[in-house]
Amino acid sequence: MSLFRRMTLAAGLAAPLMAATAMAQPQITIQHGLPPNSHTGLGAVTFKEQFERLTNNRYRVVVQRNDNEREMIESVQIGTLDCTFTSTGPVGNFVPEVRIFDVPFLFRDAAHARGVLDSEIGSAVLARFPARGLVGVIWTENGFRHLTNSRREVNAPADMRGLKVRTMENQVHMRAFSTLGALPTPMAFSELIPALQQGTVDGQENPVNLFLGFRMDTLAQKHLSIWNYCADAAIFVASKSVMDSFAPADRELVIACAREAAQRQIAAARKGLGIDGDRSSIEECVRRGVAVAELTPAEKQAFARATRPVFDKWAQTVGSALVQKAEAAIARAIA
Ligand code: KDG
């Protein structure tokens, strides 16, 4: 798709406020799911600043918020949106191989997750995106997803029975929760806070910094289980048709700026979680009266074993050498 055609589409579908005078300057729109002061907000703004600066303002980058990640990816796929920072949550619906990174209890800690993302496994998964009209530009991070709920302390698989838990629109997550005897309730992030307010779910799982930022502690979420269930490998995804429309030098700049943005996003997502000794986010949960259960390695292993059928089921649907490599990583993670 030519850049001019894309500008017209963007003006018509994605950026109704764009002034006619700005038409001479091509516009790139990036969407992400959280408020401006979040880690995804920081990533998107960093991308904007870097790309505009390095192209001497030949482009204008517009940052927008959209808390429906599935919708964002669909738009990127059809080329009405240029790019997005998204969690992997709904991405597996478009690029099934991404589900490797949704497998529960795959990663021990942030360093382990980073190592796998930056390895040939991460690159091999990114290589699957173009066939689906997408470019997986770079892996970033949302932070480990932890469970909160209004009903009880959870530190063993049996504690999960009967808990109604909001999950992302992600088949691996849903299966993991149902395997543990919980009742997974998939919905977009935009529906999560109303669901907690109305008590239509007992719990949810998200990185601690999102839990704090959205004040979920005030929505009856009194129990937090730090269980390193899912590393939540977020990703910068661009539209393939849009990337193809760039001159090679500009395409390289997109990649370089996304990398810089990802670095800042990762640092922000990790803040306060005990990585590098800073536990301020976990301490803030305690200060707010949340009962925090930090699971021991043995307790996490019990969950990893209990959810092992999820991997086996998922592996049947993907198949391939990739699965074997991921399986080795899983074996290491639960050894
Ligand atoms: O990518 C940032 C958010 O949109 C993402 O964290 C949403 O984790 C999310 C969820 O639970 O839907």
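The values are calculated or read from the model by the stated rules, or taken from the named source; none is laboratory data. None of these values were measured; they are calculated from a predicted model. Here the Cβ is made from the backbone with ideal geometry for all residues, glycine too, and neighbour counts use every protein chain on show. SASA here: full protein model, heavy atoms, side chains in, ligands and nucleic acids out. Shrake-Rupley method; radii C 1.70, N 1.55, O 1.52, S 1.80 Å.
Do you know which of the residues in region 69-81 that are open to solvent by less than 10 Å² (accessible area, probe 1.4 Å) and in a loop (DSSP other than H, G, I, E, B) is farthest from the ligand (Cβ to nearest atom)? Here the answer is Gly79. Considering Gln198, Gln171, the condition of being within 28 Å of Ile266 (Cβ to Cβ) and either within 13 Å of the ligand (Cβ to nearest atom) or polar (S, T, N, Q) (or both) is satisfied by Gln171 alone. Yes or no: region 105-128 includes at least one residue that is outside any loop (DSSP other than H, G, I, E, B) and within 14 Å of the ligand (Cβ to nearest atom). Checking region 105-128: not a single residue is outside any loop (DSSP other than H, G, I, E, B) and within 14 Å of the ligand (Cβ to nearest atom).
Just a yes or no: is a residue in region 136-150 open to solvent by 50 Å² or more (accessible area, probe 1.4 Å) and out of contact with any helix residue (DSSP H, G or I) (no Cβ under 6 Å at 6 or more places or on another chain)? No, the conditions are met nowhere in region 136-150. Within region 55-74, residues that are on the phi > 0 side of the Ramachandran plot reach partners that are away from the ligand (no atom under 11 Å from the Cβ) with beta carbons closer than 8 Å, at six or more positions or on different chains, in the pairs Asn57/Gln25. In region 37-48, how many are touching a helix residue (DSSP H, G or I) at 6+ places or on another chain (Cβ under 7 Å) and more than 13 Å from the ligand (Cβ to nearest atom)? Residues that pass the stated criteria total 2. Counted as qualifying within region 164-279 are the helices (runs of 4 or more DSSP H) with 3 or more residues that are without any contact (Cβ under 8 Å) to a residue 24 or more places away in the chain, namely 171-179, 189-198, 248-270. Scanning region 280-307 for residues that are part of a helix (DSSP H, G or I), in contact (Cβ under 8 Å) with a residue 24 or more places away in the chain and open to solvent by 40 Å² or more (accessible area, probe 1.4 Å) gives Glu284, Glu299, Lys300, Gln301, Arg305. The residues listed here are Asn155, Asn170; of these, the one that is at negative phi and open to solvent by less than 10 Å² (accessible area, probe 1.4 Å) is Asn170.
When region 49-68 is filtered for residues that are modelled with pLDDT of 95 or more and within 11 Å of the ligand (Cβ to nearest atom), the ones remaining, listed by number, are Arg65, Asn66.
Which members of region 125-134 meet the condition of being crowded, with 24+ Cβ neighbours inside 10 Å and at pLDDT 95 or above? Across region 125-134, the qualifying residue is only Leu134.
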